[in-house]
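Student: The structure follows.
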Amino acid sequence: MVRKVTLALASLALAAAFTSSSVMAKQVVIKFSHVVAENTPKGQMANKFKELVAEKLADKVVVEVYPNSQLFGDNKVLEAMLLGDVQMAAPALSKFERYTKAVQLYDLPFLFKDMAAVDKFQSSEEGQNMLSSMKKKGLIGLGYLHNGLKQLSSSQPLRVPADANGLKFRIMASDVLAAQFQAVNAVPLKKPFSEVFTLLQTKAIDGQENTWSNIYSKKFYEVQPYITESNHGLLDYMVVTSAEFWMDLDDGLRSEIKALLDESIAFGNQVALKKSEEDKQKIIESKRSEILTLTPEERAQWVEVMKPVWKEFEDEVGKDLIDAAYNSNM
Ligand code: LMR
C-alpha cells in the first residue's frame with residue numbers, strides 16, 4: 001500500500017514537473033538591450049513594454065530589459081541579435097550604416113526643422129518602407145522611437161563653425177556624422193556611447209553631440225562647460241528584432257507583442273517630448289554648463305557649411321528620399 005502511494009506521488013510530481021517545464025519551454029523570452037539610462041525616452045519605453053507584456057501576456061512572454069550597455073554596447077548589439085543572443089534593441093538610426101545605406105538619411109544635418117516634420121516623414125510610405133530595408137540582412141524594424149534634436153556640447157564656446165576648428169568630437173558610428181564635423185574642420189571620432197563621459201572628463205575629446213535627455217542623464221553637462229542649442233541633427237531610434245526570431249513566432253502572438261510594442265513606443269514618444277524640455281531646464285538650473293543660443297545669422301553659418309554633406313551622400317541615400325524627407329518640413 002505504502003509503495004503504491006509513494007509511486008502515485010512520484011508520478012504526480014513527475015507530471016507536475018513535466019507540465020511546468022513544458023510551460024517554461026513555451027514562454028518566449030525577449031531580451032531588450034539598450035545603452036542609455038532608464039530615465040530616458042528609450043529607457044522608459046523599454047520598461048513600459050516589459051510592464052505591458054507582464055500584465056497582458058505573462059504566461060506566454062517575458063521581457064528582460066538591460067539598460068546602460070549592461071548586456072551589449074552599441075557597437076555589438078546588432079551582431080548579437082543576428083546570433084540570437086538578444087531579441088530586441090532600439091539603436092540610434094546612425095548605428096545602422098553597416099546594414100543599410102538609406103537610413104543614413106536621418107543623419108543629414110539640418111534636414112528636419114522639428115519633431116513634427118520627423119513624424120510626418122516617418123509615417124509616410126517612404127519612411128515606413130525604410131523599416132524593412134534590412135530584411136535581407138536579417139533585421140526587421142518594428143517602429144521608430146523619438147529622442148529629439150541634437151545639441152553641441154564642448155569645452156569651448158561654439159557660436160560659429162570656425163569655433164569648432166581642430167576640436168575633437170565623439171560621434172556615433174556614421175560616415176555622415178563624420179562628414180558633418182569634417183565640414184567645420186573638426187576631428188570626428190567614432191566611439192561607443194558607454195565611453196563618452198570618460199572621454200570628456202579626461203579631455204581626450206573636446207566635445208560631442210547629443211540630445212538634452214542624454215546630456216542630462218549621462219551627466220555630460222557636468223564635464224562640458226558649454227552647450228550650443230543648435231538643433232542641427234536628429235537622434236531617433238529604430239526598434240529592431242531579428243527576422244529569424246520574429247518570423248518564428250506564432251502569428252497571433254506576434255500581433256499581440258507588436259500591439260504592446262506600439263503602445264510602448266507611443267508612450268516613449270510622449271516621454272521624449274516632455275524630457276527634451278525638462279532635462280534642458282535641469283541643466284540650466286545646475287549652472288554647470290552655459291547654454292548658448294545662436295542668433296539667426298550664426299545659425300545660418302552652420303547650415304551653410306554643413307549642408308553640402310547632403311550632396312556628398314546623395315547617391316548612397318537617394319535624392320528622392322532626401323527630397324521626400326525635406327518636404328516633410330512644409
Ligand atoms: C549615442 O550613442 O550618442 C546615442 O545614440 C545613445 C542613445 O542610444 O541614445
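The values are calculated or read from the model by the stated rules, or taken from the named source; none is laboratory data. Fair warning: this is a prediction, and the values are worked out from it, not measured in the lab. Cβ: placed from backbone, ideal geometry, glycine included. Neighbour counts: every protein chain shown. When the accessible area is computed, the model is the full protein with side chains, heavy atoms only, and any ligands, DNA or RNA have been set aside. Shrake-Rupley method; radii C 1.70, N 1.55, O 1.52, S 1.80 Å.
Student: Sort through 69, 153 and tell me the only one that's polar (S, T, N, Q), touching a residue at least 60 places away in the same chain (Cβ under 8 Å), open to solvent by less than 30 Å² (accessible area, probe 1.4 Å) and in a loop (DSSP other than H, G, I, E, B).
Tutor: Just a single option satisfies the conditions, and that option is 69.
Student: Let me ask something additional. Do the conditions hold for residue 290, that is, is it open to solvent by less than 60 Å² (accessible area, probe 1.4 Å) and out of contact with any helix residue (DSSP H, G or I) (no Cβ under 7 Å at 6 or more places or on another chain)?
Tutor: Judged against the criteria, residue 290 is not a match.
Student: Scan the range 39-66 for residues that are in contact (Cβ under 8 Å) with a residue 12 or more places away in the chain and under 10 Å from residue 260 (Cα atoms) and jot them down.
Tutor: 48, 49, 50, 52, 53, 56, 57 - these are the residues of the range 39-66 that are in contact (Cβ under 8 Å) with a residue 12 or more places away in the chain and under 10 Å from residue 260 (Cα atoms).
Student: Further question on the same structure: Filter the range 200-215 down to the residues that are open to solvent by 30 Å² or more (accessible area, probe 1.4 Å) and either assigned to a loop (DSSP other than H, G, I, E, B) or within 12 Å of the ligand (Cβ to nearest atom) (or both) and list them by number.
Tutor: Correct list: 202, 203, 204, 206.
Student: Considering each of 53, 63 in turn, give the residue that is hydrophobic (A, V, I, L, M, F, W, C), modelled with pLDDT of 95 or more, outside any helix (DSSP H, G or I) and open to solvent by less than 50 Å² (accessible area, probe 1.4 Å).
Tutor: 63
Student: Could I ask something else about it? On the given criteria, is residue 244 charged (D, E, K, R), farther than 30 Å from residue 134 by Cβ and surrounded by fewer than 16 Cβ atoms within 10 Å (Cβ to Cβ)?
Tutor: No.
Student: Among the residues of the range 112-121 satisfying the criterion of being crowded, with 22+ Cβ neighbours inside 10 Å and within 23 Å of residue 36 (Cβ to Cβ), which is farthest from the ligand (Cβ to nearest atom)?
Tutor: Only one residue tops the list, namely 112.
Student: Right, something else. Out of (1) assigned to a loop (DSSP other than H, G, I, E, B); (2) open to solvent by 10 Å² or more (accessible area, probe 1.4 Å), what's the single condition that is false for residue 224?
Tutor: Just one mismatch for residue 224, condition (2).
Student: Give me a count of the residues in the range 233-272 that are within 13 Å of the chain's Cα centre (by Cα) and either without any contact (Cβ under 8 Å) to a residue 60 or more places away in the chain or part of a helix (DSSP H, G or I) (or both).
Tutor: Selection size over the range 233-272: 4.
Student: Please find, within the range 181-199, the residue that is farthest from residue 36 (Cα to Cα) out of those that are in contact with a Leu (Cβ under 7 Å, 6 or more places away or on another chain) and within 14 Å of the ligand (Cβ to nearest atom).
Tutor: Selected residue: 188.
Student: Specify the residue that is surrounded by the fewest Cβ atoms within 10 Å (Cβ to Cβ); the eligible residues are those in the range 83-94 that are touching a residue at least 40 places away in the same chain (Cβ under 8 Å) and more than 7 Å from the ligand (Cβ to nearest atom).
Tutor: This residue is 84.
Student: Looking at the range 168-199, which of its residues are within 19 Å of the chain's Cα centre (by Cα) and among the charged types (D, E, K, R)?
Tutor: Those that are within 19 Å of the chain's Cα centre (by Cα) and among the charged types (D, E, K, R): 170, 175, 190, 191, 195.
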